[in-house]
Amino acid sequence: MDIPQYSTQPDADEIRRAIREHRLVEFYYLGELLTVEPYIHGMGRRYQAPVLLAWHPTNGWKEYSCMRIRRLQVQERRYTESQEDYDPQDPRMKKVDLAAKVIGRHASVAG
């Protein structure tokens, strides 16, 4: 994908690794420590900038601006089943850099 901003983001490679390996990530976002299931990294429609689309157990689906993610750490813990309403072609994304494969369900979509 030809979105050069990704290569300059310090956490982009770690975000991609977490998505590929279905690992939880922990990071600070606007001062709050969060642990989420990362699903899609790409260019969001809302921010017109790189975002991480992730599932948070309390907040549900949320777009996190990659520019505001701080101190990201990929966790050892994995999620073993995709959220039921996960769509690898989520309409909130303008361009998808990487989408998690659907796991633990019948579909098998790759990004």
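Values computed for the structure shown
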| item | result |
| --- | --- |
| Test: residue in region 79-93 that is farther than 23 Å from Arg45 by Cα, of a type outside the set (Ser, Thr, Tyr) and without any contact (Cβ under 8 Å) to a residue 40 or more places away in the chain | yes |
| Top-ranked residue in region 19-57 [being loosely packed, with under 11 Cβ neighbours inside 10 Å and at pLDDT below 95; ranked as farthest from Val74 (Cα to Cα)] | Gln48 |
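The values are calculated or read from the model by the stated rules, or taken from the named source; none is laboratory data. Please read all numbers here as calculations on a predicted model, not as lab measurements. All Cβ positions, glycine included, derive from the backbone under ideal geometry; neighbour counts span all protein chains shown.
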